[in-house]
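Here is the structure we will look at.
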Amino acid sequence: MATLLIIIFIITLFYAAISGRMFTLINLLMIQGFLLFGVALIELREMNVVNLIVILVETLVFKAILVPYFLKRTIRQNNIKREVEPYISGFNSLIIVSVLIILSFILTFSLQQNFHKVIYFTVAFSAILTGLFLMVSRKKIITHIIGYIILENGIVLLSFSVGNEMPMIVNAGILLDILVSVLLFGFFLSKIRYISKEFEISSLSKLKD
Amino acid sequence: MILVYFITIMVIAALLMLIRKRTFQFVAMPAFAIIQVLFTCDIFVRRQISFSDYFRVDALGLIFLTLLAILTVTTIIQSLVYLEKRKDTPEHRAHYLASMIIFIGSMTGVFMSDHLGVLWVFAEATTLSIALLIYHERTPEAIEATWKYIFISSIGLSFSFIGILLLDISISGFHSAMFTFSDLQHVFISIQNKMMLQLAFILIVIGFSVKMGVFPLHTVCIDAHSVAPSPVSAMVSTSLMNVGFVAIFRFYIMLSHSAVAAWMNHVLMIIGFLSILFAAIYLVKVKNFKRLIAYSSIENMGLVALAIAAGGIAWFAAVFHLILHTLVKSGVFYQMGQIIRYYKTKQVYLIGGYFRVNPVGGLVMIFAFIILSGIPPSGMFFTEFMIFSSMFSGGYTVVAVLVMLLLCFIIYTLGKYFFKTLFSKSEQESVTPGEKISKWESVPQLIMLLLTIGISIYPPPFLLELVRQAVETLPK
């Protein structure tokens, strides 16, 4: 069952690479949030109950509901154009993401650890690399935030594969930090309006030597 | 005690956001400074702490905690002066002061944390709380620098978190009681999966390089320096860099008995050398005075990275170097705030003749230059001497020689601009000088610099003992 969810997760990565609309990307984030919730529910059953509830609630509320809603609101409020505007075309992005997934397979197997959960590790690394790729290959700043969230989703998946041994208070702190950072990104994104109407990363190039 | 401390500072920060009266701010900030100092004294005397699963008091944390307490007092004084002169709106002042309190609190957390996850949480909290401080002047440059800093820093720290998770995976067979630095040090001796540890260490170093200001992600650190208010720059350049150092050094100590010890030294050697190289190259082009001093910080942090790699006596030198650097750099940045207030520009070519304007401030700059360039009686002469001698004996002769050449170049450039600022005729009659700077504002900085020279000439025995304890768990 968990494997099925993981496979759907990797399909969302492919979809993220080719999707041309901003809202599709955000809906993908929402789907990923629900998938992570499902994986946590199945995988972490043996964990301490209070800790498990904290993780489940935070995954569901933050990742699947709050963050996508917040991003959509930011897009509406700032009248950001709804197209993704990549530097690299959709087809080429698809090829690059496939290569990244193969690389994660190679990385996983070269680490020579006796994982019982090789697939988690691979998909987590694929998500991390795909998030980074989305950041460098898209013009809009909001797509960078989406890439960052995909990267964070990958990290959450990786922490599930470890069995998440962090104590509850640490988990809560980590998730809170990530939530606050996304909120701050949204806040400063709306401030970038004063520099450039286009919200493109090329407008942030004043500071240099 | 520690819980009380964190709750108190959260309450003070919340009150500052709610009550935006000027008088309240002038009461709350000194109160916070006193709390910080008392808390540090308490830890210094008792040497123990509650919540020992997550926090620990050791010599390394204690040194930087004490430095932070000193800086808290001076930075709050300078911040209040800065805010008074700028005549900001009450809202902006409240944001500034509340962020400053949370920022200092999270740095305190980093210095004391023993649990790997807790360290990460507090390190990320420093990133988030500094955002409004960098953004304070609300110029387009400030928005750009803030965006870059929080975004790159968050991504970098995500990398560090991946590294921490990889460490967690690599010890999955050897179940230890807690995921803390003190417990894990013995576990890693028996881990044979080298590639896992190597990947983990390199991700952790890349992540914390934002904080420490060394090679891969140092650029956002410099941008943050150049636009932030001067008291904040002083913090970024000293205590925040110490945060990065403490994080990296704790991981280094933890892994120093494992199979990858030699490999870690190579990584840090490359990072240190590249930091110094980039600092030297960019110093040629620099036109902004604050960026100039920021690059000097990068160079010093590069030296510290080299010192960790060289080992032996250089570990001692690294910590001592950071103590001196913290005291000197904060003084320079406070003075910088006064220079900028007088000339109303950060451009190095428009500033000149400062010694006649403010002789005490000029003296601060001269002392700072002497200390930074490592001319005796500066303690940096001794620390750099120890670092180089240990590099020679460690077989890094070529790197050491190249670094010495680069340092000569950096000292030449720094000297050129420092003395231009102080003594050259101000060629810009177009720049209307601002208000007169009071001499008394520079006196605390002068005291701080003289203290640095005092420590250099006669280091107090308890300080030497602390520094020795900080590095004693490393292999001989």
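The separation of the range B:116-189 from the range B:20-63, counted between C-alpha centres, amounts to 22 Å. With the helix formula -39500 (n - 2.57) applied to DSSP H stretches of n ≥ 4, chain B reaches a computed 222 nm mean residue ellipticity of -26000 deg cm²/dmol. Shielding by partners for peptide B:142-155, expressed as the average number of C-beta atoms from other protein chains within 10 Å of each residue's C-beta, is 6. If the chain linking B:TYR458 and B:LYS344 were pulled fully straight, counting 0.36 nm for each residue of separation and taking away their Cα-Cα distance, it would gain 37.1 nm.
Once you order the gyration tensor axes a ≥ b ≥ c over the Cα atoms, which shape class does the protein assembly as shown get: rounded for a/c under 1.5, otherwise prolate or oblate by comparing a/b with b/c? It comes out prolate by the Cα gyration axes.
Test of understanding: extend the Cα→C-beta vector of B:SER393 to 7 Å, then name every residue of the range B:321-340 with backbone N under 18 Å from that spot. Only B:321 pass the distance filter. Candidate cross-link partners of B:LYS416 among the lysines, defined by an alpha-carbon separation under 23 Å and a same-chain spacing of 8 or more, comprise A:LYS208, B:LYS285, B:LYS287, B:LYS290, B:LYS329, B:LYS344, B:LYS346, B:LYS425.
The simple spin-label model puts a point 7 Å past each Cα toward its Cβ; for A:LEU94 and B:VAL4 those points are separated by 6.4 nm.
For the range A:133-209 versus the range B:363-413, the inter-centroid distance based on Cα atoms is 39 Å. Put a plus charge on the Cβ of each Lys and Arg, a minus charge on the Cβ of each Asp and Glu, and nothing anywhere else: the dipole of the protein assembly as shown about its Cα centre is then about 1940 debye. Only Cα pairs under 8 Å and 6+ residues apart enter the sum, and on that basis the relative contact order of the range B:74-155 stands at 25 percent. Shape of chain B from the C-alpha gyration tensor: oblate (a/c of 1.5 or more and a/b not above b/c, with a ≥ b ≥ c the square roots of its eigenvalues).
Here the gap between A:ASN48 and A:SER202, fully extended at 0.36 nm per residue and compared with their Cα-Cα distance, gives a gain of 50.7 nm.
Kyte-Doolittle cut-off 0.5, length cut-off 15 Å along the helix's own axis using Cα: show which whole DSSP H helices in chain A pass. Once both thresholds are applied, what remains is A:2-18, A:22-43, A:90-110, A:118-137, A:141-162, A:168-192. Given R0 = 22 Å, the distance between the Cβ atoms of A:THR24 and A:PHE187 translates into a calculated FRET efficiency of 0.35. Residues B:VAL57, B:VAL328, A:VAL57, B:VAL118, ranked from the fewest to the most other C-beta atoms within 10 Å, line up as A:VAL57, B:VAL57, B:VAL118, B:VAL328. Applying 1/(1 + (r/R0)^6) with r as the Cβ-Cβ distance of B:GLU465 and B:SER182 and R0 = 25 angstrom yields a FRET efficiency of 0.80. Entry note, chain B: relative contact order of 14 percent, from Cα contacts under 8 Å with a spacing of 6+ residues.
The alpha carbon centroids of the range B:282-306 and the range A:28-64 are separated by 44 Å. Cross-link reach is defined here as a Cα-Cα straight distance under 20 Å, omitting same-chain residues fewer than 8 places apart; for A:LYS63 the aspartates and glutamates meeting it are A:GLU43, A:GLU152, A:ASP177, B:GLU124. Here chain A is assigned +1 on the Cβ of each Lys and Arg and -1 on the Cβ of each Asp and Glu. Its dipole about the Cα centre then comes out at about 880 debye. Once the C-beta distance of B:TRP440 and B:GLU91 is scaled by a Förster radius of 41 Å, the resulting FRET efficiency is 0.85 to the nearest 0.05.
Look at the dipole of the range A:65-126 built from charges on Cβ: of A:LEU100, A:TYR120, A:SER110, the Cα furthest out on the positive end belongs to A:TYR120.
Loop-located trypsin sites (Lys or Arg not before Pro) in the range B:247-325 (DSSP state other than H, G, I, E, B) with a sparse environment of at most 13 neighbouring Cβ atoms within 10 Å: B:LYS287.
Extension gain for A:VAL180 to A:ARG76 (0.36 nm times residue separation, less C-alpha to C-alpha distance): 35.4 nm.
Read-outs throughout are calculated quantities, based only on the coordinates presented, and are distinct from any laboratory measurement. Bear in mind the structure is a predicted one, so any value in this text is a computation, not a measurement. Here the Cβ is made from the backbone with ideal geometry for all residues, glycine too, and neighbour counts use every protein chain on show.
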